[in-house]
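Each remark here refers to the structure printed beneath this line.
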Amino acid sequence: QRAPGDQEELMLTFNHFNFNVADLDKSLAFYKEALGLEPVGERKAAADGSFIIVYLGDGKTDFRLELTWLRDPPQKYDLGDRTEPYNLGECEFHLAFHVDDYEAVHSHHEAMGCICFENPAMGIYFVTDPDGYWIEIIPTR
């Protein structure tokens, strides 16, 4: 029997990460064009229309990005309506992707106009999605 807190016996693997989105179709189009992510599995929708969930995958790993559209997002009560983007705070969280052809992907993102921050000294940059989430692009070394 495992002792409480015995991390050696726990086998955890990443499954998915969630982003709440204001416009699901716009987000799906962005993630396909910018990162090559495609829907994986079935779209899940509440019978009452309160949410829609779509999982995206890269076709190479099992990791999934969950996009969730909420009819009544928590911020609706703060904003009075859904015309403002999600409040992401200081955007200190982000996803990161490795890319084999860094220059080609960088040029593609430059043409899309979605690069929001570059750090040439570290050899990385970030793109932002339609809801303001940051995604780090890292060259495969």
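The values are calculated or read from the model by the stated rules, or taken from the named source; none is laboratory data. Small disclaimer: the values here were computed from a predicted structure and weren't measured. Glycine gets a Cβ as well: all are built from the backbone with ideal geometry, and neighbour counts include every protein chain shown. All accessible areas refer to the heavy atoms of the entire protein, side chains included, with ligands and DNA or RNA removed. Shrake-Rupley method; radii C 1.70, N 1.55, O 1.52, S 1.80 Å.
Does at least one position in region 20-29 carry a residue that is touching a His at 6+ places or on another chain (Cβ under 8 Å) and either surrounded by 15 or more Cβ atoms within 10 Å (Cβ to Cβ) or modelled with pLDDT of 90 or more (or both)?
no
Considering region 106-141 alone, what residues qualify as being open to solvent by 20 Å² or more (accessible area, probe 1.4 Å) and part of a helix (DSSP H, G or I)?
If the condition is that a residue be open to solvent by 20 Å² or more (accessible area, probe 1.4 Å) and part of a helix (DSSP H, G or I), then HIS106, SER107, HIS108, GLU110, ALA111, MET112 are the ones that fit.
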